[in-house]
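For reference, the structure is listed below as structure tokens.
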Amino acid sequence: TNPPGLGGGQDVHLPEKVWGVYAQPGPSLEPAKAIKPIDRKSVHQICSGQVVLNLGTAVKELVENSVDAGATNIDLKLKEYGADLIEVSDNGCGVEEENFAGLTLKHYTSKIQDFSDLTHVETFGFRGEALSSLCALSDVTINTCHKSAKVGTRLVFDHNGTITQKVPFPRQQGTTVIVQQLFYTLPVRHKEFQRNIKKEFAKMVQVLQAYCIISAGIRINCTNQVGQGKRQPVVCTNGNSTVKENIGAVFGQKQLQSLISFVQLPPSESVCEEYGLKFSDAPHNFYT
Ligand SMILES: Nc1ncnc2c1ncn2[C@@H]1O[C@H](COP(=O)(O)OP(=O)(O)OP(=O)(O)O)[C@@H](O)[C@H]1O
Ligand SMILES: [Mg+2]
């Protein structure tokens, strides 16, 4: 019989090739194609989709960059749950003019120089991939003013991470990264992304909440605007100096009542005995 949907229930004769395409998922009888390298631009496009997987990753990468830049204030503005716009502004160190071109190039980073540096890396990022991937997947603009610069600069990038526009742009010290139409260069991903935007948004909020909690001393504020409506608050912290206060800011003061602080104590003699350890061997200085 014919494959479903092809013949309207009647037995229509199909040429063998068409039949094969629909009905035989097994090994192809066609001769194997030659193995060839994919062109560099396509490789970059495909791999960028593996670095920035979803809205949560995009936001995470931008927040991490702001924290790495020493920011104490990070402001996130989303439009249409992030599908139209993700704008992350910080008051970090800003980017120096000599680093403008390297900002968005693949594997260009200010954080490590070689593999051995990884053992003492103290920043979230070090691969030099995030901004270059975001350029490949969306329209990226960066406004920045380094602490040593007299005036800020607005930089517009193409999908290869090359600067296409560079104009003076007055702003205070810090950096704003603007990502528009995330994933529009990958049509299938883009469609799925838009279809699932509410779920994507909910997952992103969880990621952001985690960063809000661990970022003591950093004020993070995120809003979302739908259509021409008012900007709705999403998550907000006040730059508190403790994780506990941040938990209160994110989940409400009431939640703090149900928290039990985690205290590390050296094992007692009876606990050591239970585990077959010598009390004198237990690393007592470890639990301070
Ligand atoms: N908000 C920012 N303020 C100041 N400099 C920034 C900011 N965002 C990015 N940069 C600079 O741009 C470089 C590239 O950023 P990108 O996120 O692409 O790579 P990375 O942070 O070095 O590594 P990773 O890909 O692991 O995040 C950074 O190394 C940093 O020097
Ligand atoms: Mg980074």
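The values are calculated or read from the model by the stated rules, or taken from the named source; none is laboratory data. Keep in mind that this is a model prediction, so the values were computed, not measured. Neighbour counts run over all protein chains shown; Cβ positions are idealised from the backbone, glycine included. Heavy atoms of the whole protein, side chains included, go into the accessibility calculation; ligands, DNA and RNA do not. Shrake-Rupley method; radii C 1.70, N 1.55, O 1.52, S 1.80 Å.
With the convex hull built on the Cα atoms of region 40-90, state its orientation-averaged projected area in nm².
4.2 nm²
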Handout entry: Among 260, 178, 197: highest mean-square fluctuation, GNM of the chain, C-alpha pairs under 10 Å
Key = 260
Exercise for the section: Could you list, in their original order, any pairs among 147/199; 36/79; 166/203; 36/106; 106/244; 191/254 whose Cα atoms are separated by more than 31 Å? Expected result: 147/199; 36/79; 166/203; 106/244; 191/254
Handout entry: Cα pair distances in region 164-288, grouped into 5 Å bins until the bin that holds the longest one, percent each
Key = 2, 8, 10, 12, 12, 11, 11, 10, 7, 5, 5, 5, 2, 1, 0
Problem - Size of electric dipole in the chain: Cβ of Lys, Arg +1 and of Asp, Glu -1, about Cα centre, debye, nearest 20 - result: 1000 debye
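Of all the stretches in the chain, which is the longest one without any exposed loop site, taking chymotrypsin sites (Phe, Trp or Tyr not before Pro) in a DSSP loop (any state but H, G, I, E, B) with at most 10 other Cβ atoms within 10 Å?
With chymotrypsin sites (Phe, Trp or Tyr not before Pro) excluded where exposed in loops, the chain gives 1-261 as its longest stretch.
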Problem - Span-rule helices in the chain, defined as complete DSSP H runs reaching 27 Å or more along the axis (Cα) with Kyte mean at least 1.0 - result: none
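What is the percent carbon and sulfur in the accessible area of region 228-282, measuring with a 1.4 Å probe over the protein chains and ignoring ligands? Could the numbers behind the result be given before it?
Values: 2410 of 4580 Å².
C and S atoms contribute 52 percent here.
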Handout entry: Positive-pole candidate from 217, 112, 73, dipole of the chain, charges at beta carbon
Key = 73
Problem - Length-normalised contact order of region 130-288 in % [C-alpha pairs under 8 Å, at least 6 apart] - result: 13 percent
Exercise for the section: Could you list the GluC sites (Glu not before Pro) in region 98-175 that lie in coil according to DSSP, counting only those with at most 13 other Cβ atoms within 10 Å of their Cβ? Expected result: 122
Problem - Counting DSSP beta bridges with both ends in region 40-252, the antiparallel % (nearest 5) - result: 80 percent
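Ratio of Rg to Rh for region 40-252, alpha carbon only, Kirkwood? Walk me through the numbers before you get to the answer.
Working: Rg = 16.7 Å, Rh = 17.6 Å.
Over the Cα atoms of region 40-252, Rg/Rh equals 0.95.
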Handout entry: Positive-end extreme of charge dipole, region 165-288 - chosen from 247, 282, 272 (charges on Cβ)
Key = 247
Problem - Most fluctuating residue given options 152, 239, 252, as computed from a GNM of the chain linking Cα atoms under 10 Å - result: 252
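Of the trypsin sites (Lys or Arg not before Pro) in region 221-288, which ones lie in a loop per DSSP and count no more than 13 other C-beta atoms within 10 Å?
230, 231, 278
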Practice task
Counting helices only, and only those DSSP H runs with n ≥ 4, report the 222 nm mean residue ellipticity of the chain as the sum of -39,500 (n - 2.57) divided by its residues, in deg cm²/dmol to the nearest 500.
Solution key: -9000 deg cm²/dmol
Completion exercise
So, with points 7 Å from each Cα along the Cβ direction, the residue 96-residue 32 label distance in nm works out to 5.2 nm
Exercise for the section: For residue 77, go through the aspartates and glutamates and keep the ones whose alpha-carbon is under 17 Å away, minus same-chain ones fewer than eight residues off. Expected result: 61, 64, 87, 90, 139, 200
